[in-house]
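J.: Before we start, here is the structure in question, set down as structure tokens.
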Amino acid sequence: MRKSLPQRIALSVVGVVVALLILFPTYWMFVTSLRTPGEILSPKYDLIPTSFSFGNFATALGKDNFPTYLMNSLIVTVGSVLCALVAGTLAAIPLSRLRFTGRKGFLVLVMVAQLAPVSALFIPLFLLMKDAGLLNTLPSLLLIYFATTLPFTVWMLYGFVNGIPYELEEAAMIDGCSQTGAFRRVTLPLLGPGLVTTSVFSFITAWNEYLFALVFIRDKPKETLPVWLASFRTAFATDWGGVMAASVIYAVPALIFFLLVQRKLVSGTTAGAVKG
């Protein structure tokens, strides 16, 4: 049903207001990062600054071991995302394509595992990593992030695989492809939006995780960016300019990742695939 002009105007106004409310904290963070400490603590705080200072960024980037922290975060984040995608795909395909005893029960267990709070697993995971000799190592964080994002990855990819008609694989096999070749040439490309969607969730979860990184890692050179970001707050004061500048720097890798995958976020590439 086509909306009238007043309805379209009202929806546009609501959309603009919601967008401003969502974007305002990001704008505030960026603007504050460009202010001097005196301007940040001043009672008069202009929403539109008249002067800019990049001293806070110099302070943030000049902190010890920043490149190491950045590399550590990238290693555990990218590693956990890749592991979750591979394992999730290998689990979602048989769950979708095969019919076996206990299949529905397994899917229920996957959902229950996703609903369980991660904090409830903190002590068991700590003891497990300690017994395995992985405490205070980056592989411990990689395994934890992989384990916490795997249930959601399996569940999401299961839904995406269900949305791809199996007739496409059968047609490819009739044309001479093996079952593996049909999956690689037909199903896997169509699964792209699902892989991107789940990778975004896994990336956000691993990139922003703080508690495990704080407790499981003892050595400074092995810490990740969330722990580095918390270092701007001490028992005596908080460097708000440094916090905001560090937050902007911290958001850049995630922003780059989203820009790289944003075209694949829109699913529906299988629409009309069996027409004709």
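Taken together, the values in this text are just the output of simple stated rules run on the coordinates, not laboratory data. Small disclaimer: the values here were computed from a predicted structure and weren't measured. All Cβ positions, even for glycine, are placed from backbone atoms using ideal geometry, and neighbour counts span all protein chains on display.
J.: Could you give the size of the charge dipole of region 171-257 about its Cα centre, using +1 on the Cβ of each K and R and -1 on the Cβ of each D and E, expressed in debye and rounded to the nearest 20?
T.: 120 debye
J.: Can you give me the angle between helix 138-162 and the longest principal axis of the chain, using Cα atoms only, in degrees from 0 to 90, rounded to the nearest 10?
T.: So the helix axis and the longest Cα principal axis differ by about 50 degrees.
J.: Further question on the same structure: Using only Cα atoms, figure out Rg for region 94-211 and give it as a multiple of 2.2 N^0.38 Å.
T.: After normalising by residue count via 2.2 N^0.38 Å, the value is 1.32.
J.: Right, another one. Hey, got the dipole for the chain? About the Cα centre, +1 on K and R Cβ, -1 on D and E Cβ, debye to the nearest 20?
T.: Values: 20 positive and 12 negative charges, 127 e Å.
The calculated dipole for the chain is roughly 600 debye.
J.: Let's test the formula: R0 of 35 Å, r as the Cβ-Cβ distance of residue 258 and residue 42. What FRET efficiency results, to the nearest 0.05? Can you show the working numbers first?
T.: Numbers: r = 34 Å, r/R0 = 0.98.
After rounding, the FRET efficiency stands at 0.55.
J.: Determine which aspartates and glutamates satisfy two conditions relative to residue 63: a Cα distance under 17 Å, and not lying fewer than 8 residues away in the same chain.
T.: Within the straight-line cut-off, residue 63 pairs with 219, 223, 239.
J.: To continue, here is another question. Counting C-alpha atoms alone, how compact is region 210-258: give Rg to one decimal and Dmax as a whole number, in angstrom.
T.: Here Rg and the maximum Cα pair distance are 12.0, 37 Å.
J.: Per residue, how big is the convex hull around the C-alpha atoms of the chain? Give it to me in cubic angstrom, could you?
T.: Spelled out: Cα convex hull of the chain, divided by residues, is 214 Å³.
J.: Assuming a ≥ b ≥ c are the square roots of the Cα gyration tensor eigenvalues, decide whether region 1-85 counts as rounded (a/c under 1.5), prolate (otherwise, with a/b larger than b/c) or oblate.
T.: oblate
J.: Same structure, new question: In Å, the Kirkwood hydrodynamic radius of region 40-153 over pairs of distinct alpha carbons? The partial results should precede the final answer.
T.: Numbers: mean 1/r = 0.0550 Å⁻¹.
Kirkwood hydrodynamic radius for region 40-153: 18.2 Å.
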